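The structure appears below as structure tokens.
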Amino acid sequence: MSFVPNIIEPEPSDDGAFDDALLRGLNPQQREAVEFRGQSLLIVAGAGSGKTSVLTRRIAGLLQSREAFPSQILAITFTNKAAAEMRERVHQIVGNEAEGMWISTFHSACVRILRREAEHFGFTKSFTIYDSADSRALLKRILKELEADQYGFTVSSASGKISKLKNELQDVESYARGANFSDPAEVMFLEIFRRYTQALSKANAFDFDDLIGQTVYLFRAFPVVAAHYRRRFRHILVDEYQDTNHAQYSLIHELTRPVRPDIADEVESAGGLVKTKRDSLGAIPGASLTVVGDSDQSIYAFRGADIRNIVEFERDFPNSKVILLEQNYRSTQNILDAANAVISNNFDRKDKKLFTDIGKGNKIVGFTGYSGHDEAQFIADEITKMHDEGIAYKDMAVFYRTNAQTRALEEIFIRSALPYRVLGGTKFYERAEIKDAMAYLIAVANPSDPLALRRIMNVPKRGIGPATETALQSWADAHDTSLRDAVRNAGELGLGPKVTGEILEFGSILDEVMATVTASDDWDPTTGTGRAAAKVSDILIALLEKTKFVETLRASRDAQDEARAENVEELVAVTKEFQKNNPDGTLLDFLTEVSLVAAADDLDDSSGTVSLMTLHTAKGLEYEAVFLTGVEEDLLPHRMSAGEPGGPAEERRLFYVGITRARQRLFISLAMTRAAYGNVNVAMPSRYLQEIPADLIEWRQSPGMANSRGGTEPRALNARRDGSAWGSSLREAAALPPGKPKEKTQWANMVTNVVRDNSALELSAGDRIRHTDFGEGRVTAVTGEGAKRVAEVQFETAGRKRLLIKIAPIEKVE
DNA sequence: AGCACTAGTTAATTA
DNA sequence: AACTAGTGCT
């Protein structure tokens, strides 16, 4: 179906231009950012400066004043969640006029374009999208084939390098041109890259980076195709511009270029009416561009974000206007002072100082734990206190640098019966059983994809092992056809009768279901003759039933398989939900949606849980109270960043992003020892801590001399918890020379290893108990039912705690 | 040939 | 803790 352009220019309304409501409550800079009209605009928006509001009102203004049709607007955000929020807010202002705008992420905008245009360059519109796990699996095969480990390649080094090249719009040929062929490792890499690229195109698949890169390629190779989009999108707005990489930057450039007169002629003769858009020379002028960003929040250099894109915006887009938003509407002045002080240590940045008029607020609270668990306990205690003061759990968040840090936090949160959720950790769609079920869907959507086919060939077990798979693949190679064809023709391979039967059965299940995916040729929705395309949920259910997928899981004696079966059922529910929200949604639409969900997207604000997430995930979010944890050398800044140019500066920005997420309360914590990979290391306070003016922090427990005197002094602080398990173990760990690994691991996992079941313990208010870590105390209240019974206990020395009775290491005294 | 179990190895941030 | 290689059984 070809693209239907808007050929009529909307008429600017003359009845008083701008709706006053659009400008209400804005400061002068914000107002200017909403009202400015011109070719290019850069809004430098500090953290919490109301940029989303500005952006949405700017869009609403364009629509209300009839300067643009909705279909002429393209707004790009970094997460689907941000896109949904923006759509919602524009909708609130202008109502149904918001329909037809493209508000989406870079990736989903590119998928839409690629699905439409894929046929131009050797793909079909049913292409699949390889997520990072898929492309790693593919690379793993390639590395094995080539025995590339001999040259020091690992899956992650190869995928990192390929991703980096793609983000710079390099392909195999351009890389080969600059390659050093006397270096065998480089020759090997070139071969890896070549095979990887070939495998993708043979599978009719794009990886994540391709989505952007191939769209740029498409525009450059097919000017008439590009002209369609350049003509359509007259106003392009990009959020989080500081995090764009070179490919994304180029995409924006391609979209905002003018259309040359001769190309415009061509478009016109092909039936696209463009007369009204042409200027006096016959060209179509470039679209207007608005970008919003903050170079102080650029934290994605590791995936190719180039801070220069925003720094050099004015050079790239001549005659652009720059507007600075510095007034912050989110945080207290104390928090902003800390943020300003920290970020001012980054040199070569444009000076920018956030300010607010909501007052100084509370001091930042600092805490140094003896271990990661001790730190987590502090956090749990403070969360409980704040909850008692009336702050909802959903308004509190805990940030950390690495996902591994969640373990200690989760353990303590479970013990303290705090409701929490981890954002972006092991995601639903990354679970093996979900990936298997998804692979079934992909196999019927895109029969050329061998990766999906291989994944499910023996799931559930059908006796098709590696040897059989290799036989199928060689048959396919020998007959120059696909793996799927080999499966169909398994009878000709001369394999055993049992396996052959299984393979043919497997193949016919896929073929049968695939036949239902698209509507029959004689389908007529008005008369109801023929057969409509099957619903996504029905496709999935058919596959699961015919293959006995769930049945097999349920029959397994592995207890975890029951949970896996439930997860698969959950996926069925997801497809039903999808179909409800998108009545006309196809299988491809579903697969696309799933492959594009990002970590920050599955955030559900309504639930009453504390949110745990990495600092990266936290960008763009805000909370009443924020805990910044693990503020230690080698963690923040992370050890791995030390070698990279600009690494420490980027880590500082990460810290800055964390600080500026907090509205009222900010807690900064660290630990003196931290468990990693089974052993325990002494940790040093982060250098960034000293960059916060001392009078802004109130230390509940300061790192003291830990920094300057190398770890002997801080144990004086241990006096507080004499005889406690953690304190004494710490002493061992810090003082003991290496060589007694057994004892070390024993205590590193101590918290997990304590398996107990106190379900039968009768407790009521007034009882006295003894806790192995906190000592003696009195129960003040018992709430909850069954396994979720919680005791509130006032300890004599350790203060008040909430304990999950079932697993708490406690006993009654007297 | 494939499966299940065990033992041994090796561990590298951030979406 | 999570993956790989090796073993013995069907």
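Let's see how each residue does on (1) more than 30 Å from A:G585 (Cα to Cα); (2) of a type in the set (A, V, I, L, M); (3) within 16 Å of DNA strand C (Cβ to nearest atom); (4) assigned to a helix (DSSP H, G or I):
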site: A:L451; (1), (2), (3), (4): no, yes, yes, yes
site: A:A467; (1), (2), (3), (4): yes, yes, yes, yes
site: A:L472; (1), (2), (3), (4): yes, yes, no, yes
site: A:E502; (1), (2), (3), (4): yes, no, yes, yes
site: A:D522; (1), (2), (3), (4): no, no, no, no
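Can you say whether A:F153 is within 19 Å of A:T215 (Cα to Cα), crowded, with 16+ Cβ neighbours inside 10 Å, within 15 Å of DNA strand B (Cβ to nearest atom) and of a type in the set (A, V, I, L, M, F, W, C), as far as the supplied structure shows?
Judged against the criteria, A:F153 is not a match.
What's the number of the only condition in (1) surrounded by fewer than 18 Cβ atoms within 10 Å (Cβ to Cβ); (2) within 20 Å of A:G38 (Cβ to Cβ); (3) without any contact (Cβ under 8 Å) to a residue 60 or more places away in the chain that A:L324 fails to meet?
Condition (3) is where A:L324 drops out.
In segment A:543-566, how many residues are surrounded by fewer than 17 Cβ atoms within 10 Å (Cβ to Cβ) and either among the hydrophobic types (A, V, I, L, M, F, W, C) or assigned to a helix (DSSP H, G or I) (or both)?
Here the count works out to 12.
Looking at segment A:384-411, which of its residues are crowded, with 24+ Cβ neighbours inside 10 Å and β-branched (V, I, T)?
Of everything in segment A:384-411, just one residue is crowded, with 24+ Cβ neighbours inside 10 Å and β-branched (V, I, T), namely A:V398.
Scan A:I509, A:I464 and give me the residue that is aliphatic (A, V, I, L, M) and within 16 Å of DNA strand B (Cβ to nearest atom).
A:I464
Is it true that some residue in segment A:41-51 is within 23 Å of A:N309 (Cα to Cα), assigned to a helix (DSSP H, G or I) and in contact with a strand residue (DSSP E or B) (Cβ under 8 Å, 6 or more places away or on another chain)?
Checking segment A:41-51: at least one residue is within 23 Å of A:N309 (Cα to Cα), assigned to a helix (DSSP H, G or I) and in contact with a strand residue (DSSP E or B) (Cβ under 8 Å, 6 or more places away or on another chain).
Suppose the filter is crowded, with 23+ Cβ neighbours inside 10 Å and within 28 Å of A:L41 (Cα to Cα); does A:A376 pass it?
So A:A376 fails the test.
Of the residues that make up segment A:165-177, is at least one assigned to a helix (DSSP H, G or I), surrounded by fewer than 18 Cβ atoms within 10 Å (Cβ to Cβ), within 13 Å of DNA strand B (Cβ to nearest atom) and free of Cβ contacts under 8 Å to residues at least 40 places away in the same chain?
no
With assigned to a loop (DSSP other than H, G, I, E, B), among the acidic types (D, E) and in contact with a Pro (Cβ under 9 Å, 6 or more places away or on another chain) as the only criterion, which of A:D357, A:D337, A:D279, A:D351 stands out?
A:D279
When you go through (1) over 25 Å from A:T518 (Cβ atoms); (2) crowded, with 20+ Cβ neighbours inside 10 Å; (3) touching a Ser or Thr at 6+ places or on another chain (Cβ under 7 Å) one by one for A:I162, which number turns out not to apply?
For A:I162, the exception is condition (3).
Which ones in segment A:54-88 are under 24 Å from the mean Cα position of the chain (by Cα) and surrounded by fewer than 19 Cβ atoms within 10 Å (Cβ to Cβ)?
Those that are under 24 Å from the mean Cα position of the chain (by Cα) and surrounded by fewer than 19 Cβ atoms within 10 Å (Cβ to Cβ): A:A84, A:E85, A:E88.
Picking from A:I73, A:I142, which residue would you name as being in contact with a helix residue (DSSP H, G or I) (Cβ under 7 Å, 6 or more places away or on another chain), of a type in the set (V, I, T) and not assigned by the TED database to the domain that holds A:Q297?
Within the list A:I73, A:I142, the selection yields A:I142.
Test of understanding: among A:T552, A:T547, A:T481, which residue is at pLDDT 90 or above, in contact with a Pro (Cβ under 7 Å, 6 or more places away or on another chain) and either within 16 Å of DNA strand B (Cβ to nearest atom) or more than 28 Å from A:Y429 (Cα to Cα) (or both)?
Step by step, each of A:T552, A:T547, A:T481 is checked, and only A:T547 is at pLDDT 90 or above, in contact with a Pro (Cβ under 7 Å, 6 or more places away or on another chain) and either within 16 Å of DNA strand B (Cβ to nearest atom) or more than 28 Å from A:Y429 (Cα to Cα) (or both).
Looking only at segment A:578-619, filter to residues that are within 23 Å of A:F667 (Cα to Cα) and modelled with pLDDT under 85; which one of those is farthest from DNA strand B (Cβ to nearest atom)?
Per the criteria, the residue is A:G608.
Residues checked against (1) within 16 Å of DNA strand C (Cβ to nearest atom); (2) in contact (Cβ under 8 Å) with a residue 60 or more places away in the chain:
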site: A:R652; (1), (2): no, yes
site: A:I668; (1), (2): no, yes
site: A:M672; (1), (2): no, yes
site: A:A675; (1), (2): yes, yes
site: A:P685; (1), (2): no, yes
site: A:Q690; (1), (2): no, no
site: A:L696; (1), (2): no, yes
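Return the residues of segment A:300-324 that are away from DNA strand B (no atom under 16 Å from the Cβ), part of a loop (DSSP other than H, G, I, E, B) and out of contact with any Asp or Glu (no Cβ under 8 Å at 6 or more places or on another chain); say none if nothing qualifies.
A:E312, A:F317, A:P318, A:N319, listed by residue number.
To keep it simple, each residue is scored yes or no on (1) part of a helix (DSSP H, G or I); (2) within 25 Å of A:L255 (Cβ to Cβ); (3) within 16 Å of DNA strand C (Cβ to nearest atom).
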{"site": "A:H91", "(1), (2), (3)": "yes, yes, no"}
{"site": "A:E97", "(1), (2), (3)": "yes, yes, no"}
{"site": "A:H107", "(1), (2), (3)": "yes, yes, no"}
{"site": "A:L114", "(1), (2), (3)": "yes, yes, no"}
{"site": "A:H120", "(1), (2), (3)": "yes, yes, no"}
{"site": "A:I129", "(1), (2), (3)": "no, yes, no"}
{"site": "A:S135", "(1), (2), (3)": "yes, no, yes"}
{"site": "A:L138", "(1), (2), (3)": "yes, no, yes"}
{"site": "A:E145", "(1), (2), (3)": "yes, no, yes"}
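Among residues belonging to segment A:428-449 that are within 14 Å of DNA strand C (Cβ to nearest atom) and modelled with pLDDT under 85, point out the one that is farthest from A:I391 (Cα to Cα).
The residue in question is A:A432.
The values are calculated or read from the model by the stated rules, or taken from the named source; none is laboratory data. Not measured: the values here are computed from a predicted model. Backbone-built Cβ (ideal geometry, glycine too); neighbour counts: all protein chains shown.
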